[in-house]
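None of the figures in this text is laboratory data; all of them are computed from the coordinates on show. Nothing here was measured: the structure is a model prediction, and the numbers come from that model. Cβ: placed from backbone, ideal geometry, glycine included. Neighbour counts: every protein chain shown.
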Amino acid sequence: MKIRRCAVLFIEPREDLGIDWAALFSGAGALSASLRWVALAPHLDRETTIDAAQVAALGAVGQTAWTERLDAERQLGAAMVDSLLALGLLLDDGASDNPARERDALLRDQHWRPLSAAAHMFSRWDGMQVDKGMHFPSFEELVQSYGAPPPPAIGRGDPEAAIKLPPPASGPLDAQLMQRYTGRNYDPDAVLPLDVLARVLQRTFGAQAERMVAQEALVFKKTSPSAGGLHPTEAYVLVQRVPGVAPGLYHYHAVHHVLEPLTMLDAAAASELARQFVADQHWFVDAPVMVVMAARVARNFWKYRNHAKAYRALMLDAGHLSQTFYLLATEAGMPGFVTAAINEMVIERAFGLDPLSDAVVAVCGCGVAAAGQTTLELRLEE
Ligand SMILES: Cc1cc2nc3c(=O)[nH]c(=O)nc-3n(C[C@H](O)[C@H](O)[C@H](O)COP(=O)(O)O)c2cc1C
């Protein structure tokens with residue numbers, strides 16, 4: 001049998017801080033710190049604590065060529081090789097099923113940049129809730145804790161040399177740009193008309209034109225820019241209240257302009273899922289529609305293989321789409337929102353997405369505003 005190391009592995013000397021109660025009561029320094037080695041291997045869905053001997057052993061086994069297990073055992077000891085195989089940090093080429101080896105193969109096939117894969121896999125949330133770990137402090141609380149924030153605008157260079165610009169002329173985009181705001185008070189009884197949903201989806205995520213740029217290479221023209229013209233971001237839709245569309249989970253097809261049903265839900269289950277998607281941010285839950293933006297990494301990484309900027313490009317792509325989404329919602333007379341404070345793992349399970357191939361980036365939504373404002377919004381004065 002042969003073995004090799006997993007494709008991507010980072011080892012972190014993790015410091016865990018705690019209160020040393022004995023020291024506290026004896027009047028000594030009360031902060032205790034302990035150190036351990038944490039293996040961050042993105043093909044595994046968990047961090048793994050290992051010891052110093054395992055760290056050294058992992059450094060002695062290559063990740064590309066398969067080596068004879070017996071040779072590794074002679075060098076490192078059979079027990080050590082066994083322990084690292086059991087953790088999924090070493091992989092064998094045996095015939096039996098090995099989930100870690102399959103995940104590692106998928107990771108290799110996607111052409112992830114190693115640091116990006118680790119950043120993505122280990123920044124996902126599951127079961128995170130506002131006020132339980134993810135606190136949203138008010139500006140007053142923040143100023144109390146941290147003092148004044150850095151100023152919102154800064155000058156650079158010699159102010160005397162600054163060139164005065166003419167005031168911006170009015171333009172047709174102004175209506176949407178000035179009216180756009182993040183809605184945090186949705187009318188829980190209002191529906192999103194089907195024609196509004198159709199326009200917002202098509203003009204944000206739909207293909208406006210198609211072009212063969214090389215044999216077998218088809219690209220779309222969309223209303224937002226996309227790195228390499230590849231448009232890897234897919235729209236997964238959670239419908240709560242749209243006339244003619246049953247509550248449930250759908251995928252939006254960028255060419256066919258259809259909602260593809262994935263899972264039907266009753267109204268209560270749809271609302272509960274919405275709450276979990278946005279980590280309990282109750283101010284978004286009543287939006288009649290949420291759209292999950294998830295990047296098909298293989299589409300972008302096909303060109304940007306093992307590329308230092310590729311993951312950043314995926315994030316930027318979603319940012320552009322969300323602004324387009326906001327402006328279309330604004331045009332329809334309603335607020336929109338985008339949030340990155342989301343439970344990616346809940347979303348992955350709901351839509352059946354694998355985080356190594358479909359990277360959930362953010363959730364946006366829109367809907368009719370409620371009459372009052374109970375949660376803060378930044379609307380321009382009328
Ligand atoms: C990347 C990103 C993440 C955001 N995440 C959240 C969020 O988690 N919760 C929230 O209420 N608003 C979120 N927002 C909205 C911002 O809070 C909002 O844009 C900002 O306060 C300015 O208000 P405006 O959009 O009305 O101009 C996010 C916006 C962006 C661009």
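Things to note:
- Potential lengthening between Leu106 and Asp93 on full extension [0.36 nm per residue; Cα-Cα distance subtracted]: 3.2 nm
- Hz values of 3J(HN,Hα) by residue in the range 93-104 - Karplus curve (6.51, -1.76, 1.60), Gly and Pro given as x: 9, x, 7, 6, 4, 9, x, 5, 5, 5, 5, 5
- Distance (nanometres) between label positions extended 7 Å along Cα→Cβ at Ala79 and Ala214: 5.4
- Inter-label distance, nm, simple model (7 Å from Cα along the C-beta direction), Ala161/Ala340: 3.4
- For the chain, size of Cβ-based charge dipole, Lys and Arg +1, Asp and Glu -1, in debye: 1160
- For the chain, built as a Gaussian network whose Cα springs stay under 10 Å, the top-fluctuating residue of Gly127, Gly18, Gly27: Gly27
- When you restrict to C-alpha pairs under 8 Å that are six or more residues apart and normalise by the size of the chain, the relative contact order lands at 18 percent.
- Each Cα pair under 8 Å and six or more residues apart adds its sequence gap; the mean of these over the residue count of the range 2-110 is a relative contact order of 34 percent.
- One chain, two ends: Leu173 and Asp71. Fully extended at 0.36 nm per residue, the span grows by 30.0 nm beyond their Cα-Cα distance.
- Dipole of the range 173-366, positive direction: furthest Cα of Val219, Ala350, Asn185, with charges on the beta-carbon: Val219
- Additional length obtainable on full extension of the chain from Arg349 to Ala22, 0.36 nm per residue less Cα span: 113.3 nm
- Of all aspartates and glutamates in the structure, those lying under 14 Å Cα to Cα from Lys221, and not within fewer than 8 positions of it along the same chain, are Glu210, Asp317.
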